[in-house]
1. Name the residues in segment 85-97 that are within 26 Å of ALA12 (Cα to Cα) and either of a type in the set (Asp, Glu) or not in a strand (DSSP E or B) (or both), would you?
2. Taking segment 153-178 on its own, how many of its residues are at pLDDT 95 or above, among the β-branched types (Val, Ile, Thr) and either more than 19 Å from the chain's Cα centre (by Cα) or open to solvent by 70 Å² or more (accessible area, probe 1.4 Å) (or both)?
3. Looking at (1) of a type outside the set (Gly, Ala, Ser); (2) out of contact with any Leu (no Cβ under 6 Å at 6 or more places or on another chain); (3) under 27 Å from LEU147 (Cβ atoms); (4) surrounded by 14 or more Cβ atoms within 10 Å (Cβ to Cβ), find the lone condition where CYS44 falls short.
4. Name the one entry in GLU119, GLU108 that is at pLDDT below 95, in contact with an Asp or Glu (Cβ under 9 Å, 6 or more places away or on another chain) and on the phi < 0 side of the Ramachandran plot.
5. In segment 157-177, what count of residues is obtained for those that are touching a strand residue (DSSP E or B) at 6+ places or on another chain (Cβ under 6 Å) and either under 23 Å from ARG32 (Cα atoms) or of a type in the set (Val, Ile, Thr) (or both)?
6. Looking at ASP149, is it modelled with pLDDT under 95 and either under 22 Å from ARG32 (Cα atoms) or acidic (Asp, Glu) (or both)?
7. Among the residues of segment 179-196, how many are polar (S, T, N, Q) and at pLDDT 75 or above?
8. Only one residue in LEU24, LEU84, LEU61 is over 14 Å from the mean Cα position of the chain (by Cα), closer than 30 Å to ALA139 by Cβ, open to solvent by less than 10 Å² (accessible area, probe 1.4 Å) and of a type in the set (A, V, I, L, M, F, W, C). Which one?
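The values are calculated or read from the model by the stated rules, or taken from the named source; none is laboratory data. Being a predicted model, the structure only gives us computed values, none of them experimental. Quick reminder, even Gly has a Cβ in these numbers, built from the backbone with ideal geometry, and neighbours come from all protein chains shown. Ligands, DNA and RNA are stripped out before the accessible areas are found, and what is left, the full protein with its side chains, is counted by its heavy atoms. Shrake-Rupley method; radii C 1.70, N 1.55, O 1.52, S 1.80 Å.
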Amino acid sequence: MRLFVAVNVPEAERQRLFDMTSPLRSGRYPFRWVMPESMHVTLCFLGQVMESDAARIRDTLDAVAGRHARLTMAVGGVGAFPHLRRPRVIWVGVDGGAALLALQADVERSIEPLGFEPERRAWSPHLTLGRAEPHARQASFAGLAALADSVTYAATVDVESVDLMRSHVGRGGARYECIAGPRLRGAMKPDRQEAGT
């Protein structure tokens, strides 16, 4: 199964983000847009994992969660990799300060002994809005930077768990399922687990 570790944003906030970034999806730009239910902050991508190894990953994340307190992250500001003039990925920025950086680093460091190589690039937290079509020309993105600057979305989001996510790939694209969500210290217990968040 295909797994990754993420921080999820509440459903209502994902929908608000989707609504407030609607001008970007005017049909003018060649992106494959991410639907609200698929928006998340990836902490670590694990790739294809044997089901027999999933329990070890869960145990590791339980230990990581026990070492970190719940935290808050600021979400806002549209940007792109590598830049808005010729984007591959367009995103909304995330700033969780030192606490979020420490959580991500601990996740990556803790799962490395299980056989997962750490990412060589510096981690840049974000919520992906869309991915550019592979053969789109730079001229196709004219005016995107100005439009991105006009998006006024901003939010503060509580992070209360570190989530082990499973990716189900089908004809309609990827669907994500939370298969474990150990709570950070001080986090409130959820009334129910949300599938697919």
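1. Result: ASP95, GLY96, GLY97.
2. Going through segment 153-178 one residue at a time, the tally reaches 1.
3. Unmet condition: (3).
4. GLU119
5. Selection size over segment 157-177: 10.
6. So ASP149 does not fit the description; no.
7. 0
8. LEU24
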